[in-house]
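Below is one structure; the comments refer to it alone.
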């Protein structure tokens, strides 16, 4: 077990190291659509990345989710057949968002031996998510 301070330090170290070795600066929160961002997540049990629709607006959340669902076949072809579409995804903090994502289990941010695998997983797949988002952004916004 790690103390809260040790865990925080390891998490910071992972994200710093990931930032240093990443091939580019990611879009993430700079999508220019307030409710949509691209997201990385890594904890003690799994790593995930994808597109988050983060809004409590009862009109915008289903609107954007339906836009992505209409592109589901293309997304599965261009990103991965393993994509998960979860309208009611609960974040680590307990917030409910819509999340279209890929994940990898049996990895831990506390285990540095898994880091290189996650660096590759994140870099390879976020490139696909970003390319897809940029290609279809006008449709998603309309």
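The condition of being farther than 15 Å from residue 129 by Cβ and at pLDDT 95 or above holds for only one of 65, 85, 101, that being 65. Listed conditions (1) buried (at least 18 other Cβ atoms within 10 Å of the Cβ); (2) in contact (Cβ under 8 Å) with a residue 60 or more places away in the chain; (3) touching a strand residue (DSSP E or B) at 6+ places or on another chain (Cβ under 8 Å) are all met by residue 98, apart from (2). Taken over segment 21-30, residues that are in contact with a strand residue (DSSP E or B) (Cβ under 6 Å, 6 or more places away or on another chain) and either on the phi > 0 side of the Ramachandran plot or in contact (Cβ under 8 Å) with a residue 24 or more places away in the chain (or both) amount to 2. Being loosely packed, with under 12 Cβ neighbours inside 10 Å and either touching a helix residue (DSSP H, G or I) at 6+ places or on another chain (Cβ under 7 Å) or under 16 Å from residue 141 (Cβ atoms) (or both) holds for only one residue in 32, 104, and it is 32. Residue 79 meets the conditions (1) touching a residue at least 60 places away in the same chain (Cβ under 8 Å); (2) surrounded by 15 or more Cβ atoms within 10 Å (Cβ to Cβ) in every case but one. The failed one is (1).
The values are calculated or read from the model by the stated rules, or taken from the named source; none is laboratory data. Everything quoted here is computed from the prediction, not taken from an experiment. In this analysis, Cβ positions are derived from the backbone assuming ideal geometry, glycine residues included, and neighbour counts consider all displayed protein chains.
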